[in-house]
Amino acid sequence: MNTGLVPRIYERYWRPGLGRVAKGVLGPSMRDEHRIARLLLGLTPGDGVLDVACGPGNFTRDFARVVAADGLAVGIDASTTMLERAVRDTPPAEFPAAAYIRGNAVELPFRDHSFDAVCCFAALHFFDDPFRALDHMTRVLTPGGRIAILTSCRLRTPLPRTIDGLLGARSGQRMFERDEITGALEERGFKDVRQRISGLAQFVGGRLR
């Protein structure tokens with residue numbers, strides 16, 4: 001198998017396609033996702049931001065532009081193939097603030113209070129232990145740090161629940177209850193927790209106390 005095809009298939013077809021199914025036809029586009037992430041994270045030049053399960057680095061590069069040369073945007077992913085693509089697409093001369101590391105989201109290899117912001121888009125629902133991952137994301141945030149999450153959301157009406165059950169079973173992802181992620185963030189000390197639901201997806205953000 002040509003492993004170089006994996007990031008291209010993910011970027012061009014799988015991620016946008018599955019995202020469109022989950023978010024609905026009228027839901028946010030990929031461009032909108034970038035805008036929402038930046039809004040929830042409130043990044044400024046000089047910030048340090050961690051992009052968990054960064055894939056081919058699309059969001060990491062976006063964050064690197066915002067935090068500029070004095071900041072740091074770190075993408076972490078368990079897939080060597082994805083990281084190789086991310087590194088190829090992130091020339092240091094153009095993205096001096098960007099860096100990548102291979103690692104596990106449920107055991108983040110960073111010291112406590114290392115980042116001003118943490119993003120985890122379209123990945124939490126695939127983790128074996130998503131709440132342990134949230135523990136680590138919280139741990140590496142500075143007091144007052146911001147988090148942004150895009151993940152699945154189980155709806156309450158019968159028909160969408162049938163659809164989300166099929167989507168979860170077919171794609172191997174967990175379908176979170178409507179208040180499960182917001183509640184988990186509040187339990188971990190986040191305030192000003194915000195949620196936007198679009199179809200079977202939810203955007204959640206908050207600030208650590």
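What follows draws every value from the coordinates through simple rules; no lab data is involved. For clarity, every value in this text was computed on a predicted model and none was experimentally measured. Glycine gets a Cβ as well: all are built from the backbone with ideal geometry, and neighbour counts include every protein chain shown.
Selection over segment 64-77 of residues that are over 11 Å from Tyr100 (Cα atoms) and either among the hydrophobic types (A, V, I, L, M, F, W, C) or in contact (Cβ under 8 Å) with a residue 40 or more places away in the chain (or both) gives a count of 5.
If you filter segment 33-69 down to residues that are under 12 Å from the mean Cα position of the chain (by Cα) and among the β-branched types (Val, Ile, Thr), you find that the one that is farthest from Asp116 (Cα to Cα) is Ile36. Those helices (runs of 4 or more DSSP H) of segment 53-161 in which 1 or more residues are closer than 19 Å to Glu180 by Cα and among the aliphatic types (A, V, I, L, M) occupy 130-140. Cβ-Cβ distances below 7 Å connect the following pairs, each with a first residue in segment 183-198 that is closer than 15 Å to Thr151 by Cβ and touching a residue at least 12 places away in the same chain (Cβ under 8 Å), a second residue that is of a type in the set (Lys, Arg) and in a helix (DSSP H, G or I), and a separation of six or more residues or different chains: Ser198/Lys23. Thr81 meets the conditions (1) touching a residue at least 24 places away in the same chain (Cβ under 8 Å); (2) within 15 Å of the chain's Cα centre (by Cα); (3) more than 19 Å from Thr142 (Cα to Cα) in every case but one. The failed one is (2).
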